[in-house]
Amino acid sequence: MKYWVGTTDNSWFKYLRDARPDEVNFWQPRGGATYADLTPGSLFLFKLKRPYNHIAGGAHFVKSTALPMSMVWDAFAVKNGAATRSTFESMIRRLVADPAQIDPVIGCTVLSEPFFWPESLWIAEPVGWSGSIVRGRYYDTLQPDGAALWRLVEERLQRFAAKDSDPERYGKAMLIRPRLGQGGFRVVVTDAYRRRCAITGESTLPVLEAAHILPFAESGPHETSNGLLLRSDFHKLFDLGLVTVTPTYQIEVSSRIKEEWFNGKAYYSLHGRKLQSIPDQATDRPSAAMLQWHNEHRFRA
């Protein structure tokens, strides 16, 4: 099994170690790294820069993509490793090619369930690490250096990280299903719908939002199958129960819009139509059970 050891900014690590979030964004200033050999659930370790030069923690890989800086902040906020939006923006603008660009696109690597070891458990710079490595490198548990490092990681996970989590999720050379947070949910839903509104096909990214079908506040999971990518006005109408989607992906618009606001012509033109965009992967498509719940418990017919 392959896993990644990534060169990690020391201040980013320290801020998030103190914050203890459920997810983090391991961002880069110039577009997204693909991490082609990582699959969701793979281990992504944090290797600090000088003067530390130690592996000090890690997380589980979810997805890597590229998004506008504003959307990255809206999705992750302080989980980007900065206390305020202005601090985050200044960090980005110091590193991008054109600091004057209105909303630069940056790399966004979503990592779930991060763990931050105390210094006594840090792992010294591993075998095979070179001073010329800028981003990081893969290790493989089937190779001697990767297996040796994995044993050290495994021992620390069993001693420290598992104390606050399900022990079965740690310490084994195997993939797990990463648990998404709110930011990760937004990113994976956005990409699953190919950055197009499910209802209208709109592709202007700043107005697209990831909507929960069964609300998170009512025990709805942060899972792609519980999500729809919607234009912001349709997101509001969906949450209010003035628009719904049937389990067969048919759009329904409530008569209440006209009755209460004497308007809605643009919305009624979509009534009865099929969704314009659905995910390619069957497992990412909206759950029929979740849609049925919305039809029965939220939609104001």
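The values are calculated or read from the model by the stated rules, or taken from the named source; none is laboratory data. Quantities reported herein were computed from a predicted structural model and do not represent experimental measurements. When we count neighbours, we look across all protein chains shown, and the Cβ atoms used for this are built from the backbone with ideal geometry, even at glycine.
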* Asked: What are the pairs, 6+ residues apart or on separate chains, where a residue within segment 2-20 that is surrounded by 14 or more Cβ atoms within 10 Å (Cβ to Cβ) has its Cβ under 7 Å from a residue that is of a type in the set (Asp, Glu) and in a strand (DSSP E or B)?
  -> Lys2/Asp140
* To do: Check Glu155, Glu168 and return the single one that is more than 16 Å from Ser42 (Cα to Cα), in a helix (DSSP H, G or I) and at pLDDT below 95.
  => Glu155
* Has segment 60-75 got any residue that is in contact (Cβ under 8 Å) with a residue 24 or more places away in the chain and closer than 18 Å to Thr141 by Cβ? -> yes
* Structure fact -> Among residues of segment 78-94 being touching a residue at least 24 places away in the same chain (Cβ under 8 Å) and among the hydrophobic types (A, V, I, L, M, F, W, C), the residue surrounded by the fewest Cβ atoms within 10 Å (Cβ to Cβ) is Ala83
* Residue list for segment 93-137, restricted to those being more than 28 Å from Thr39 (Cβ to Cβ) and either polar (S, T, N, Q) or assigned to a helix (DSSP H, G or I) (or both) -> Arg93, Gln101, Glu119, Ser120
* Structure fact -> The strands (runs of 3 or more DSSP E) lying wholly within segment 1-75 that contain at least 2 residues that are among the aromatic types (Phe, Trp, Tyr) and at pLDDT 95 or above are 2-8, 43-48
* To do: Output the number of residues of segment 285-298 satisfying the condition of being farther than 19 Å from Thr200 by Cα and either assigned to a loop (DSSP other than H, G, I, E, B) or touching a Cys at 6+ places or on another chain (Cβ under 7 Å) (or both).
  => 2
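To keep it simple, each residue is scored yes or no on (1) at pLDDT 95 or above; (2) in a strand (DSSP E or B); (3) exposed (fewer than 14 other Cβ atoms within 10 Å of the Cβ); (4) assigned by TED's automatic domain parsing to the domain that holds Thr200.
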site	(1), (2), (3), (4)
Ala211	yes, yes, no, yes
His222	yes, no, no, yes
Phe238	yes, no, no, yes
Asn263	no, no, yes, yes
His271	yes, no, no, yes
Asp280	yes, no, yes, yes
Thr283	yes, no, yes, yes
